[in-house]
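Enquirer: After the structure tokens below, expect a handful of questions from me.
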Amino acid sequence: MAFLRQYVLSIVTASLLCSVLMGLTAKTKVKELTKLLCCVFLSVTALKPLVGLDLDRWLQESIPYQEEAQSCIAQGEEFARSAQADIIKSKAEAYILDKAAALNGNLEVEITICQEGTPIPERAVLSGQVSPYAKGQLAEILEKDLGIAKENQVWIG
């Protein structure tokens, strides 16, 4: 990557030199000639390093950066999935508690989120006192609204 640094530095230096020359000749008769020479100079400065560029070597040098970028992408995706899973878990638990309160139930809820693929509720552990009617209603709500199968609903108490 030293090549890239040197390349950008040479372009910036050439640009500064051209701007100084253009400024010095702004009100003279050689203004047009200076413009032409500066354009040629900048073009040569920009293209000369690219002519002798060894792309294979440059690509080989960039492999560690590509691997690091892939690692950062994977970490970012895992972080996003984890945050999404936390949000889904808390909203699902709040939804169940709200439905239980509407049925005069007093529950504690622990939702387990699927670890593979899209984060969705996969299991619910419910503890507390609810009537058999409320338990049946909540079991239906868990299955229909949240997709938690009855065999993945654990009732304690």
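Enquirer: Enter the angle in degrees (range 0 to 90, nearest 10) between the Cα long axis of helix 31-51 and the first principal axis of the Cα atoms of the chain, meaning the one along which they spread out most.
Expert: 60 degrees
Enquirer: Counting only DSSP beta bridges with both residues in the chain, tell me the antiparallel percent, nearest 5.
Expert: In the chain, approximately 65 percent of DSSP beta bridges are antiparallel ones.
Enquirer: Distance between the C-alpha centers of the stretch 36-53 and the stretch 111-127? Whole Å please.
Expert: 61 Å
Enquirer: Compute the long axis of helix 55-102 from its Cα atoms, compare it with the longest principal axis of the Cα atoms of the chain, and write down the angle in degrees, 0 to 90, nearest 10.
Expert: Its long axis makes an angle of about 30 degrees.
Enquirer: Then there is this: Test of understanding: in a Gaussian network model of the chain with alpha carbons linked when under 10 Å, which of Glu32, Glu77, Glu122 would top the mean-square fluctuation ranking?
Expert: Glu32
Enquirer: Along each of the three principal axes of the Cα atoms of the chain, give the extent in whole Å, ordering the values from largest to smallest.
Expert: For the chain, the Cα extents along the three principal axes come out at 98, 40, 20 Å.
Enquirer: Moving on. Which values, in whole Å and largest first, are the semi-axes of the equivalent ellipsoid of the stretch 82-156 obtained as the square root of 5 times each eigenvalue of the Cα gyration tensor?
Expert: On the way: eigenvalues 89, 30, 19 Å².
Values for the stretch 82-156, descending: 21, 12, 10 Å.
Enquirer: Also: Explain nothing, just the number: dipole magnitude of the stretch 82-156 about its Cα centre with +1 on each Lys and Arg Cβ and -1 on each Asp and Glu Cβ, in debye rounded to the nearest 20.
Expert: Once rounded to the nearest 20, the dipole reads 160 debye.
Enquirer: Further question on the same structure: Run down the lysines and flag those whose C-alpha is under 21 Å from the C-alpha of Lys91, throwing out any fewer than 8 positions away in its chain.
Expert: Cross-link targets: Lys99, Lys135, Lys144, Lys150.
Enquirer: Here's another thing I want to ask about it. If the rule is a partner Cβ under 4.7 Å, which cysteines in the chain fail it?
Expert: Cysteines lacking a close Cβ partner in the chain: Cys39, Cys72, Cys114.
Enquirer: If you don't mind, another one. If I take every Cα pair under 8 Å that is 6 or more residues apart in the chain, average their sequence separation and divide by the length, what percent do I get for the relative contact order? Could you put the intermediate results ahead of the total?
Expert: On the way: 130 pairs, mean separation 23.2, N = 157.
Answer for the chain is 15 percent.
Enquirer: Add +1 for every Lys or Arg and -1 for every Asp or Glu among the other residues with Cβ under 13 Å from the Cβ of Leu97, and state the total.
Expert: Neighbourhood net charge equals -1.
Enquirer: About its Cα centre, what dipole magnitude does the stretch 17-110 give when the only charges are +1 on Lys and Arg Cβ and -1 on Asp and Glu Cβ, stated in debye to the nearest 20?
Expert: 1180 debye
Enquirer: Picking from Thr45, Val109, Ile156, whose Cα lies most toward the positive end of the charge dipole for the chain (charges on Cβ: Lys, Arg +1; Asp, Glu -1)?
Expert: Of the candidates, Thr45 comes out farthest on the positive side.
Enquirer: So if the hydrodynamic radius of the stretch 2-77 is defined as the Kirkwood radius over C-alpha pairs, what does Stokes-Einstein give as its diffusion coefficient at 25 °C and 0.890 mPa s, in µm² per second? If you can, show how the numbers build up before the last one.
Expert: Values: Rh = 15.3 Å.
So the translational diffusion coefficient is about 160 µm²/s.
Enquirer: Which order do peptides 7-17, 65-75 fall in by mean Cβ count within 10 Å, highest first? Mind showing how you got there, number by number?
Expert: Details: 7-17: 12.8, 65-75: 10.1.
The densest-packed peptide leads the list: 7-17, 65-75.
Enquirer: Could you tell me which of Tyr133, Ile87, Gly147 has its Cα farthest along the dipole of the stretch 82-156 towards the positive end, charges placed at Cβ (Lys, Arg +1; Asp, Glu -1), taken about the Cα centre?
Expert: Of Tyr133, Ile87, Gly147, it is Tyr133.
We did not get these values from a lab; they are worked out from the coordinates using the rules stated. Owing to the predicted nature of the structure, the values given are computational and were not obtained by experimental measurement. FYI the Cβ positions are ideal-geometry reconstructions off the backbone, even for glycines, and counts take in every protein chain you see.
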